[in-house]
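Okay, so here's the structure we're looking at.
Any read-out appearing in this document is the output of simple, stated calculations on the displayed coordinates, not a laboratory observation. In this text the structure is predicted, and so the values were computed from the model without any measurement. When we count neighbours, we look across all protein chains shown, and the Cβ atoms used for this are built from the backbone with ideal geometry, even at glycine.
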């Protein structure tokens, strides 16, 4: 459920992979659901690779949503750094 796109594509784990994982967990805590479609393992992997995260609940600030969305950026080079 928390695997980043680059690992799904066969690349190695990096610090940016951890940023993705933390973003996924924060999203799930805030919204009470996974940010990507997860009916089956295959659907989840396809969704992580190609779909944007599901919309956030409206009660959170723009800044918080923007930060987590950046953490869930498909391109690891475009994710925030530690």
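Look at the alpha carbon pairs under 8 Å that are at least 6 residues apart: their mean separation over the length of the chain gives a relative contact order of 38 percent. Under a 10 Å cutoff between Cα atoms, tell me which one of 59, 33, 15 has the largest fluctuation in the Gaussian network model of the chain. Maximum among the listed residues: 59.
Distance between the C-alpha centres of the range 60-82 and the range 1-40: 12 Å, rounded to the whole angstrom. The Rg/Rh ratio of the range 6-63, with both radii computed over alpha carbons and Rh defined as the Kirkwood radius, is 0.99.
When 6, 63, 28 are arranged by Cβ crowding within 10 Å, least crowded first, meaning fewest neighbours, the order is 63, 28, 6.
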